[in-house]
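A.B. asks: Please find one structure pasted underneath; my questions will follow.
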Amino acid sequence: MPHRPSFAMRFSISVSLLLAALATPLVVGEPIQTARTASATTLPAKVESEVKAPDIIELTTGNFWTTIGKGYWFVKGYSPTCPHCINAAPIWKQLHDKYATQVVDSGAPPSPNSNPGSPSSSPTFTEKYDFHFANINCVSYGDICVDKRVGIEMFPSFILFKDGKAIEQYPIEADRTVGEMSKFVDKYIVEISAKSNRNLALPKTIYDESKNPEGKSVALTADAFLKGVIGTGDGWFIKFYAPWCQHCQALASQWAELGREMKHQLNIGEVNCESDRRLCKELKVRGYPTIIYFQHGERIEYNGLRGLGDLVSFAKKAVDSSIKEIEFTDFEEMEKGGMEVAFLFFYDSATTTEDFKAMERLPLTLIGHAPLLKTKSELLARRFRITTWPRLIVVRDGRPSYFPGIAPSSIRDFGRVTGWARSVWLPILPELSASNSHEIMNGKTVVLGILSRDRPKDFAAAKKELKAAALEFMDQRQLQEKNEKQELRDKKQLRIEEAEDRNDQRALRAAKNMKISLEKKKEVGFAWVDGVFWDRWVRTTYGVNVGEMGERIIINEEDTKQYWDTTLEGTAIVPSRSTILDTLKAVIAEHPRIRSKSTTNRFETAYYQIRARISNHPLVSWFLLTSVVIALAVWVRGRMKRRGTGGFFKLESTKEEGVGGKVD
């Protein structure tokens, strides 16, 4: 059997060596095959190549997550002294070399001057499928191997990651031969191949030798900024910093690496605000470091995390942020590929140039959130019930929401369009993270699922119930608003008819001018958080230990620092749509029927509650402000009166002194 390391592996190599010595050797696999197995006949044809196999990538604590963050990564976790690992090493290398040296059919005609099968005429296996092989030494980097997100429990372990998440482990009981392991790899290659032609949701690597030719961050002066950034309209990702700023100093190495990563893809720059204070002031740089993406005279400030992987991800999305033309089948493929949110711009032959120009400004705002797609597909228009053109909608988990402006002038109102886009660009059930926590939690009541990936079945079931509750709540609120609007219309029509019966023209005009506006309701959102990864925060804030208590639901109001964790019956809120909806209804009522708990002390809670109530009632705010001003004026006037009439100092003596002495 494979060797299972003890807990002491994290702290002592000697224990790993002792246990490894007790293990029995693995069966050496068969030699590398040159022909495809029968199960892989659906894959694109390969061409024999003279390509030399590169070395297998060695992962470390410093590069593990950034390296496997994009694409498919088949990772071997091993101990250098484990007999199983030593015997598996040549098999693993043969498997790697088998795929790394393949040249696959790109689906495009080769260059007239290239030789068939040469690297210049066809892409390699890695280039085609974004599929990689790597090793992690669990003795040297035990902190990675014991991480629950990695899941290495035995030596050797072979785990497949997709975009930084473990999706499947090669079965422990399966034969570790090149043939059997090839079947495991081929299963995913078939899946990738089926999506690769039309998967528009993933950003493509776009190379342009004129962009960032040296692969570094360029130091920009005010003149260079105006000429190279504003003057050309090219895309620039720029850091504004001060040399004395500690946060800027900590970011320096990642920013330099970003320049290397984005060579021939995106211009990377930096501005020293100590040297060019006027430029930074004109750009309204208020803190250091400030990171801004510029393109075509527009700008968007980057507010995400400052890790290298986060910066590279944003930069690549910025490069590929143009509007894409799609058809019905393209959109279906994107949905199957896991796309949660997308903006769709429907147009027809009568759509004007002004409409397209207005839409071309929008992708910059949406970078890192959702793609903007354009279409004139009749099937898509039929599916989303589009009857007027042009029309802008957002599709979240297959459900459309429509931009409220129907008139052509509305869609050209950039401020209004971006404001609406920001309000709907999150998925229906987003995962709470450090980068989006303020956007998700602030200003609304949030149903927060505290879940654990360690129990895959419970995790999937809880997410399903939470999303079902979110969708049902949206339907209920939509129906409620529809009924309220109809009731207001009926009241308006009744007043019009009454005025016409009395022949009262004044009342008739007043009735016709009545506006149908609904009372503002509490905004409600849904989200989930990894209770294991954020264990400390979840326990200290809500008192939930997901490992011991299981999945839990919390209803949170960040603005008042309040939360609810029990139902009307006093039991814990579990991931059940009926339980969630019943509890939510009791919480968002005008007078909540469940007692809340606080994430702060009593005085802070009272302050936040008063602040929230004042902010929700502008008239009350003005009344309180006016009262304070009047009270302050009365107090000042009283103080002045006590000092003397008219506000002058009162003479202390009643006798006057003349030039030569006192005068009585």
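The values are calculated or read from the model by the stated rules, or taken from the named source; none is laboratory data. Given the structure is predicted, the values throughout are model-derived calculations rather than measurements. A quick note on method: Cβ atoms are made from the backbone with ideal geometry, for glycine too, and the neighbour counts reach across all protein chains shown.
A.B. asks: Do we find that Gln295 is at pLDDT below 90 and within 24 Å of the chain's Cα centre (by Cα) in this structure?
C.D. replies: So Gln295 fits the description; yes.
A.B. asks: Checking the condition farther than 22 Å from Gly368 by Cα, modelled with pLDDT under 90 and hydrophobic (A, V, I, L, M, F, W, C), which residue from Ala407, Ala434 passes?
C.D. replies: Ala407 is the lone residue from the list that is farther than 22 Å from Gly368 by Cα, modelled with pLDDT under 90 and hydrophobic (A, V, I, L, M, F, W, C).
A.B. asks: Are there any pairs, at least 6 apart or on different chains, whose C-beta atoms fall under 7 Å, with the first in segment 262-288 and in contact (Cβ under 8 Å) with a residue 40 or more places away in the chain and the second assigned to a loop (DSSP other than H, G, I, E, B) and among the acidic types (Asp, Glu), and if so, which?
C.D. replies: His264/Asp208; His264/Glu209; Asn267/Asp234
A.B. asks: Here is a further query. Consider Ile440 carefully, then state whether it is outside any strand (DSSP E or B) and either under 26 Å from Gly547 (Cβ atoms) or assigned by TED's automatic domain parsing to the domain that holds Phe343 (or both).
C.D. replies: In short, yes.
A.B. asks: How about segment 341-402: which helices (runs of 4 or more DSSP H) wholly inside it have at least 2 residues that are within 14 Å of Trp420 (Cβ to Cβ)?
C.D. replies: 353-360, 362-366
A.B. asks: Also, quick follow-up: Any residue in segment 63-91 that is in the same structural domain as Glu168 (by TED's automatic domain parsing) sitting within a Cβ distance under 6 Å of a residue that is among the polar types (S, T, N, Q)? List the pairs, counting only those 6 or more apart or interchain.
C.D. replies: Lys76/Asn135; Gly77/Ser157; Ser79/Ser16; Cys85/Ser79
A.B. asks: Could you list all residues from segment 282-310 that are of a type in the set (S, T, N, Q), under 22 Å from Lys227 (Cα atoms) and loosely packed, with under 15 Cβ neighbours inside 10 Å?
C.D. replies: Of everything in segment 282-310, nothing turns out to be of a type in the set (S, T, N, Q), under 22 Å from Lys227 (Cα atoms) and loosely packed, with under 15 Cβ neighbours inside 10 Å.
A.B. asks: Of the conditions (1) closer than 20 Å to Asp276 by Cα; (2) under 25 Å from the mean Cα position of the chain (by Cα), Pro243 satisfies every one except a single condition; which number is it?
C.D. replies: Of (1) closer than 20 Å to Asp276 by Cα; (2) under 25 Å from the mean Cα position of the chain (by Cα), only one is false for Pro243: (2).
A.B. asks: With (1) farther than 30 Å from Glu333 by Cα; (2) modelled with pLDDT of 90 or more as the list, and Tyr170 as the residue in question, which single condition is left unmet?
C.D. replies: (1)
A.B. asks: Next up: Residues of segment 444-478 being in contact with a Lys or Arg (Cβ under 7 Å, 6 or more places away or on another chain), farther than 23 Å from Arg149 by Cα and outside any helix (DSSP H, G or I), which ones?
C.D. replies: Scanning segment 444-478 gives a single hit, Thr445.
A.B. asks: Out of (1) assigned by TED's automatic domain parsing to the domain that holds Gln265; (2) in contact with a Phe, Trp or Tyr (Cβ under 9 Å, 6 or more places away or on another chain), what's the single condition that is false for Phe346?
C.D. replies: Only one criterion is unmet by Phe346, namely (1).
A.B. asks: Go through segment 489-606 and tell me which helices (runs of 4 or more DSSP H), entirely inside it, have 3 or more residues that are among the β-branched types (Val, Ile, Thr). Give the derivation first.
C.D. replies: Working: elements: 505-512, 535-542, 546-549, 577-587.
Ranges flagged: 535-542, 577-587.
A.B. asks: Sticking with this one: Quick one: what pairs do we get from segment 448-476, first residue more than 21 Å from Asn436 (Cα to Cα), second among the small types (Gly, Ala, Ser) and part of a helix (DSSP H, G or I), C-beta under 8 Å, 6+ apart or different chains?
C.D. replies: Asp454/Gly547
A.B. asks: List every residue pair whose Cβ atoms sit under 6 Å apart, with the two residues 6 or more apart in sequence or on different chains, where the first one lies in segment 305-320 and is touching a residue at least 24 places away in the same chain (Cβ under 8 Å) and the second, anywhere, is among the β-branched types (Val, Ile, Thr).
C.D. replies: So the pair list comes out as Leu308/Thr66; Gly309/Thr66; Lys317/Ile367; Ala318/Ile367; Val319/Ile206.
A.B. asks: What single numbered condition from (1) in the same structural domain as Tyr563 (by TED's automatic domain parsing); (2) under 25 Å from Val395 (Cβ atoms); (3) under 23 Å from the mean Cα position of the chain (by Cα) fails to hold for Gln476?
C.D. replies: Gln476 satisfies all of (1) in the same structural domain as Tyr563 (by TED's automatic domain parsing); (2) under 25 Å from Val395 (Cβ atoms); (3) under 23 Å from the mean Cα position of the chain (by Cα) except (3).
A.B. asks: I would also like to ask the following. Return the residue satisfying two criteria in turn: it lies in segment 355-400 and is crowded, with 16+ Cβ neighbours inside 10 Å and of a type in the set (S, T, N, Q), and of such residues it is nearest to the chain's Cα centre (by Cα).
C.D. replies: Thr365
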